[in-house]
Amino acid sequence: MTDTADRQELTAAEARPPLATVGVGVIAAASAAVLVFSTSRYDYFGDELYFLAAGRRPSFGYADQGPVLPMLAWSMDTIAPGNFFVLRLPVVALTVLGIVLCAVIARELGGAAATQVLAALGYATSPFLLLQGKMLTTNAVDTVLWVIITWLVVRWVRTRRDRLLLCAALVTAVDMQVKWLIPFFWIGVAVSSLIFGPRELMRRPLLWFGGVIVVAATAPSLIWQARNDWPQLSMGEVISGEQGILGGRVLFVPLAVLLAGYLGAVLLVCGVWALLHNASLRPYRFLGVTLLILVAVFLVIGGRIYYVAGMFGVVLAAGAVGLVEFAGRLNLAPRRMVSVAGVMLAAMATGYVLWSTPWRDAAHVEPPADGAEAAINIGVYGEFGWPELTSAVRQANESLSAAERADAVIVTDTYWQASALDQFDRDRLPPIYSPSRGFGYFGMPPDNAPAVIAVGVNDAFLHWDFDHVEPVAKVDSRIGYPGNTQNVTVWKCTGLRHPWSQVWPTWMHL
């Protein structure tokens with residue numbers, strides 16, 4: 001009887017899911033719940049509207065990103081037209097996958113259950129890493145694709161199965177259709193692995209075969225860029241200028257670390273140290289060096305602080321491994337102190353990420369005090385003001401005479417404005433154009449338009465290019481993004497002095 005009972009107890013224990021699976025599963029489920037709540041709030045984000053507009057104009061290339069997000073946006077809008085919640089579900093799934101893979105990477109690095117849970121918690125309590133998954137943006141998708149690629153590279157280091165490198169190349173090919181940042185990762189990996197090992201990584205035939213696939217898949221976008229004077233490269237100067245709002249190069253490193261959140265920042269610093277110094281992580285040292293190379297490169301070229309976030313998954317996992325190893329070498333009392341501090345830090349990080357969710361009712365969201373505050377909180381303010389914008393432009397259109405309305409066009413100052421009008425009222429408004437970013441490459445107005453409704457365009461330009469310019473409406477939503485849905489004048493313009501084929505190139509801007 002005793003033997004039978006022991007066998008039954010052992011069988012029941014084996015049937016129970018491992019502790020790591022339960023812990024990571026709880027964190028992933030809680031994160032999914034937070035994201036589902038967050039995606040249901042407010043309205044479309046400006047970039048989401050642009051992806052929808054781009055998806056209605058399919059192309060192998062766009063001025064500021066690849067075709068993956070426009071096609072994804074078009075697909076989700078086809079499934080549920082006009083539903084921003086459904087539009088965002090793929091990014092919710094990807095973000096939760098990033099959390100799980102962070103734990104899986106910790107396991108690949110030799111971490112036990114507690115280490116895996118700590119790694120997942122570090123990723124999930126980063127307001128940036130988690131809450132970027134509440135809307136469809138290039139960085140939300142790009143970050144998780146980097147996590148997948150780094151997981152495949154880490155697993156190759158442990159197993160030496162070359163098909164993993166081919167899989168990493170295939171994911172890279174997809175990521176090249178989202179953003180052009182992933183080549184910097186591979187350059188960093190090539191340099192660091194040749195110096196610190198494993199040197200055979202760069203000699204694997206399947207890796208180079210995968211590189212050929214990446215180039216072939218990217219060729220259509222490269223051809224489009226070449227035919228349009230490489231606007232993607234010109235975006236670098238624009239982005240570098242925008243970084244000045246967030247402190248520019250001076251604050252690049254501290255702000256990049258703070259992106260990881262309270263717990264994540266500690267794990268990130270520990271992860272870099274562990275990758276560079278811990279004997280157990282010696283085979284993966286090149287990944288720590290790769291992060292440092294990426295920081296240096298993006299610091300020099302003026303990249304955005306979140307450009308390095310794709311490396312956070314593997315470094316957070318390494319930090320969890322290093323921190324648990326460090327605690328294991330301590331005596332009982334110091335180990336308990338470290339554990340208590342870790343629990344308190346995790347609680348603070350969890351509380352902060354929950355506070356950062358869009359829990360406020362729209363009526364209680366305060367307007368931005370200035371442009372800098374709006375830029376810092378662009379994910380919030382960029383979701384407001386579209387009904388007011390649409391209403392004002394519709395009012396301006398109704399102010400035109402019947403003859404003017406028959407062939408009139410709308411020209412907006414920003415691609416957000418054009419995309420919003422294209423999404424919400426394109427069937428009732430004149431054709432919509434904008435010289436801003438990617439929208440400027442969708443086409444220019446016809447030369448025979450008798451009247452132009454200009455939304456937010458600098459009146460100096462208007463008075464220079466038109467005989468008659470008069471304000472006919474105003475957009476000034478209580479909360480919104482300055483220059484897009486706040487303090488925006490809608491003008492009626494007639495008497496274009498030069499054909500649009502001459503005017504349009506002077507108006508286009510990134």
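Figures for the structure shown
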quantity: Filter result for the condition that a residue is touching a residue at least 12 places away in the same chain (Cβ under 8 Å) and open to solvent by 10 Å² or more (accessible area, probe 1.4 Å), over ASP467, ASP425; calculated: ASP467
quantity: Some residue of the stretch 332-343 being of a type in the set (D, E, K, R) and either touching a helix residue (DSSP H, G or I) at 6+ places or on another chain (Cβ under 8 Å) or open to solvent by less than 60 Å² (accessible area, probe 1.4 Å) (or both); calculated: yes
quantity: Test for VAL295: is it more than 18 Å from TRP146 (Cα to Cα) and out of contact with any Gly (no Cβ under 8 Å at 6 or more places or on another chain); calculated: no
quantity: Flag if PHE286 is over 26 Å from MET348 (Cβ atoms) and at pLDDT 95 or above; calculated: yes
quantity: Yes/no for THR172 being within 19 Å of the chain's Cα centre (by Cα), of a type in the set (S, T, N, Q) and surrounded by 21 or more Cβ atoms within 10 Å (Cβ to Cβ); calculated: yes
quantity: Every residue from the stretch 161-173 that is over 12 Å from GLY211 (Cα atoms) and either touching a Lys or Arg at 6+ places or on another chain (Cβ under 9 Å) or among the β-branched types (Val, Ile, Thr) (or both); calculated: ARG161, ASP162, LEU164
quantity: Verdict on LEU268 being at pLDDT 95 or above, open to solvent by 50 Å² or more (accessible area, probe 1.4 Å), more than 20 Å from ALA113 (Cβ to Cβ) and among the aliphatic types (A, V, I, L, M); calculated: no
quantity: Helices (runs of 4 or more DSSP H) wholly inside the stretch 5-118 that include at least 3 residues being within 18 Å of the chain's Cα centre (by Cα), at pLDDT 95 or above and exposed (fewer than 14 other Cβ atoms within 10 Å of the Cβ); calculated: none
quantity: Complete set of residues in the stretch 303-328 that are open to solvent by 10 Å² or more (accessible area, probe 1.4 Å), within 25 Å of LEU131 (Cβ to Cβ) and not aliphatic (A, V, I, L, M); calculated: ARG304, TYR306, TYR307
quantity: Hits in the stretch 375-428 (condition: under 24 Å from the mean Cα position of the chain (by Cα) and closer than 17 Å to LEU462 by Cβ); calculated: ASP413, THR414, GLN417, ALA418
quantity: Members of the stretch 344-397 that are of a type in the set (D, E, K, R), surrounded by 13 or more Cβ atoms within 10 Å (Cβ to Cβ) and part of a loop (DSSP other than H, G, I, E, B); calculated: GLU383
quantity: Any pair with Cβ under 7 angstrom, 6 or more apart, that starts in the stretch 205-219 at a residue that is touching a residue at least 40 places away in the same chain (Cβ under 8 Å) and aromatic (Phe, Trp, Tyr) and ends at one that is part of a helix (DSSP H, G or I) and open to solvent by less than 70 Å² (accessible area, probe 1.4 Å); calculated: PHE209/LEU166
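The values are calculated or read from the model by the stated rules, or taken from the named source; none is laboratory data. Because the structure is a prediction, the values reported are computed rather than measured. Note that we place each Cβ from the backbone using ideal geometry, even for glycine, and neighbour counts take in every protein chain shown. Surface accessibility is based on the protein's heavy atoms, side chains included, excluding ligands, DNA and RNA. Shrake-Rupley method; radii C 1.70, N 1.55, O 1.52, S 1.80 Å.
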